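**Student:** One structure, as structure tokens, below. Some questions next.
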Amino acid sequence: RAGTAARPPAPRARGGARAPAAGTVDEGASGEYRVPSPLPGLRGPELSSLKKFDEIKKANQAAAKKLVEDQLSSSSEDDDEDAEVKQGKILDKTFTIYTSQTDGDASELERTRQYMNEAFQSGAMTCLICIASVKRNQAVWSCCGCFCIFHLVCIQKWAKDSLFLVSSPLTDDDFGKKDYPWPCPKCRFEYKRSETPSRYYCYCGKVENPTVDPWLVPHSCGQICEREFKPSCGHKCLLLCHPGPCPPCPKMVTTTCHCMKAKPVPRRCSAKEWSCRLPCGRTLLCGQHTCENPCHAGDCQPCPRVSKQRCICGRQTAERLCASPQWQCDQVCRKRLPCGNHTCEQVCHAGPCGDCPRSGKRSCPCGKTKFTLPCTEDVPTCGDSCDKVLECGIHKCSQRCHRGPCEICRQEVEKQCRCGKHTKRMPCHKPYLCETKCTKIRDCQKHQCRRKCCSGNCPPCDQVCGRTLGCRNHKCPSGCHRGSCNPCPETVDVKCNCGKTVIKVPCGRERTIKPPKCKQLCSRPPTCHHATQEKHYCHFGRCPPCRQPCQKTLTCGHLCPVSCHDEALVRQTGSHQSAGPWEQPSEPAFIQTALPCPPCKVPVSVECLGQHEVSPLPCHSANPYSCKRYCGRLLDCQNHTCMKECHHVTKLNSSADAKKAGPECSQCEEECTKPRPSGCPHRCIMPCHPGDCPSCLQMLKIKCHCKLSVLYVECLKLTCADLKEKEHLISCKNQCPKEV
């Protein structure tokens, strides 16, 4: 083991087992490695070795723990069919209570199902602030407006930066007097400062820090949601704790139609408002007609009928909508006023015209003196100075009381420029702007103001931010600002290879997210000799190797039965020589090539050379063979068989016996072993032959009866003679010398 120093063997403990040495690694029953405390007698090198081993062990355990946490993340291993089955079970469990209220109807759950599928799908849940995946074991926060999910740390930093940017232009006196809101990064829904999230809750807000459960929706507590429906109806959500909006209320209520004419009927609470399609019948605002529209919600529309109506002054009559009886004509009133000298100058109006506007006390143009004069006379000027404040707001008009507007202020004054750096004598009515450019930094904290003669209240920066957003694809289009840029609002379509399956992801995530799994069949043309390829789903990269039978016609006439081998991977054997011992051996390269069809292995019945047996042989080796037996054909001698190993025999004619030896068989070289006639002691003088042996022509040398003479008799005559003839042949024909 790494880091352990050499040490003497440990003493054996009682019972024969060796006790662990000091500082060695012991694996307990729980499977964890324990490093006992070193003994006081260990030397410096041994202590350092134990310390180094302990550090390596802790690092390995930390890496293993991190690996387990990553495997429990929300979007890591959901691509196989088992994960899809598991996901379906979790969704069914979440929707069980709701569907029990709707008799199994789940048509209203599609939007909520989409949010829940994104919670399981690889890379679909993305924090728009940091553009990173949201995992199961990370603290999150969900917006109540758009239901977008963010990392808790990211949204806390976002809220803090937003509040700082809003409150930074304020003075010390105004700071803290107003509770400025901060917006959601996606939908810009505004939250109060007090609503800044500080703790991690589940979706329904009941459980703080919900535990990671692989059989629940990520970040869910598994309890019933019980959030109030929007719009509020008095009922609460029946789903288990879930992301996204709550579905419509599934409860059944008894309600009547909009016009209240129909009888109450039971309906879903989410669709309790309904129309009986009968005429409304309510009296319209005109007071003369009734609403003829079908039963509807809300107020009735204005009366659409037309009638003749007089204007306000009563001079003109016109056809107008019944809904707008009050209208004005274009004529001036021209009625004589009570003074008798003037007429009313108002356009068509109702009621009396009122008193003459020139009657009573009237002021001179400067307003200092009042006169009581007949309405036929104009008010004279008083002769005093005007003293009205001029447009400059500092000086007064020095002319005598006059009619019409006052002149512009022409007094010479010492004017200070707007920035306060220069002064100059000039007419009061003229503004004074110097040429000095402001060097203050604008609220973006990046660019100078550069405005001529700035008063110090520099306007907001008018330049475009232009910084690259977190997506790395677009630049910030907002005006130059402090702090982080808003997340990229764009979405990108991530498509499968054929383009028929599309998922939308935040801009910037298209490089890291896995393409969606497409259920369409691959439409690429086959690359082998087959007319069509095996059915498989849409995919990226090369199509899988063709596994259809080759079916090419071999030279023997049979079809190749093995799998298609037009694109087989073959190890490339090159003669690359390494530059030296330092060069690492490279991995063997594989090339794709078409392999020839293997030899035909269809079994074919083949007879051996000697026609002893018929055996099934592979077609490619279906040739006459030797069965290794003896030939066994009857030789020409008709007495022996061919002892050669099974061999080919040429038939001289078609009518020849199949068991008869041919010219290739061996020739019999044995002597004749046929049995001799009884009494013949001689062998056949011919080699092994068919048929009977020839007569024995040997001369036998025998003695006569008296034993005195030697006789020569043919063997054939002797063996074929009967007793009398034998007595005669053995006799020498001489007188017998024996005594009686």
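Residue-wise test of (1) within 60 Å of the chain's Cα centre (by Cα); (2) under 30 Å from residue 713 (Cα atoms); (3) not in a loop (DSSP other than H, G, I, E, B).
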site: 623; (1), (2), (3): yes, no, no
site: 626; (1), (2), (3): no, no, no
site: 636; (1), (2), (3): no, no, no
site: 643; (1), (2), (3): no, no, no
site: 647; (1), (2), (3): no, no, no
site: 677; (1), (2), (3): no, yes, no
site: 684; (1), (2), (3): no, yes, no
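**Student:** For segment 534-550, state whether one or more residues are modelled with pLDDT under 90, at positive phi and either of a type outside the set (D, E, K, R) or in a loop (DSSP other than H, G, I, E, B) (or both).
**Tutor:** Yes, segment 534-550 contains at least one residue that is modelled with pLDDT under 90, at positive phi and either of a type outside the set (D, E, K, R) or in a loop (DSSP other than H, G, I, E, B) (or both).
**Student:** Return yes or no: is residue 336 surrounded by 14 or more Cβ atoms within 10 Å (Cβ to Cβ) and farther than 30 Å from residue 455 by Cα? Can you show your working first?
**Tutor:** On the way: surrounded by 14 or more Cβ atoms within 10 Å (Cβ to Cβ): no; farther than 30 Å from residue 455 by Cα: yes.
So residue 336 does not fit the description; no.
**Student:** Something else: I'd like the full set of residues that are within 28 Å of residue 621 (Cβ to Cβ) and either of a type in the set (Ser, Thr, Tyr) or open to solvent by 60 Å² or more (accessible area, probe 1.4 Å) (or both), limited to segment 528-555.
**Tutor:** 529, 547, 549, 551, 552, 553, 555
Let's see how each residue does on (1) surrounded by 14 or more Cβ atoms within 10 Å (Cβ to Cβ); (2) at pLDDT 85 or above:
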| site | (1), (2) |
| --- | --- |
| 163 | yes, no |
| 190 | no, yes |
| 196 | yes, yes |
| 202 | yes, yes |
| 209 | no, yes |
| 215 | no, no |
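**Student:** Here's another thing I want to ask about it. I'd like the full set of residues that are over 16 Å from residue 117 (Cβ atoms) and surrounded by 11 or more Cβ atoms within 10 Å (Cβ to Cβ), limited to segment 516-527.
**Tutor:** Going residue by residue through segment 516-527, those that are over 16 Å from residue 117 (Cβ atoms) are 520-527.
Selection gives 520, 521, 522, 524, 526, 527.
**Student:** Filter segment 362-402 down to the residues that are more than 24 Å from residue 337 (Cβ to Cβ) and of a type in the set (Asp, Glu) and list them by number.
**Tutor:** Correct list: 384, 387, 391.
**Student:** Answer yes or no: is there a residue in segment 638-656 that is of a type in the set (A, V, I, L, M), touching a strand residue (DSSP E or B) at 6+ places or on another chain (Cβ under 7 Å) and open to solvent by 70 Å² or more (accessible area, probe 1.4 Å).
**Tutor:** yes
**Student:** Being open to solvent by less than 40 Å² (accessible area, probe 1.4 Å) and closer than 30 Å to residue 329 by Cα, is that true of even one residue in segment 369-381?
**Tutor:** Residues of segment 369-381 open to solvent by less than 40 Å² (accessible area, probe 1.4 Å): 375, 379.
Adding the requirement that they be closer than 30 Å to residue 329 by Cα leaves 375.
Yes - at least one qualifying residue is present in segment 369-381.
**Student:** A further question on this structure: Would you say residue 74 is buried (at least 19 other Cβ atoms within 10 Å of the Cβ) and modelled with pLDDT of 80 or more?
**Tutor:** In short, no.
**Student:** Please go through (1) within 30 Å of residue 421 (Cα to Cα); (2) touching a Pro at 6+ places or on another chain (Cβ under 9 Å); (3) open to solvent by 50 Å² or more (accessible area, probe 1.4 Å) for residue 482 and return the number of the only condition it doesn't satisfy.
**Tutor:** In the conditions (1) within 30 Å of residue 421 (Cα to Cα); (2) touching a Pro at 6+ places or on another chain (Cβ under 9 Å); (3) open to solvent by 50 Å² or more (accessible area, probe 1.4 Å), residue 482 misses (2) alone.
**Student:** Going through segment 491-509 one residue at a time, which ones are assigned to a loop (DSSP other than H, G, I, E, B), at pLDDT 85 or above and of a type in the set (D, E, K, R)?
**Tutor:** Correct list: 500 only.
The values are calculated or read from the model by the stated rules, or taken from the named source; none is laboratory data. Source: prediction; values computed, not measured. Methodologically, a virtual Cβ is constructed for each residue, glycine included, from the backbone with ideal geometry; neighbour enumeration extends over all protein chains shown. For accessibility, only protein heavy atoms count, side chains too; no ligands or nucleic acids. Shrake-Rupley method; radii C 1.70, N 1.55, O 1.52, S 1.80 Å.
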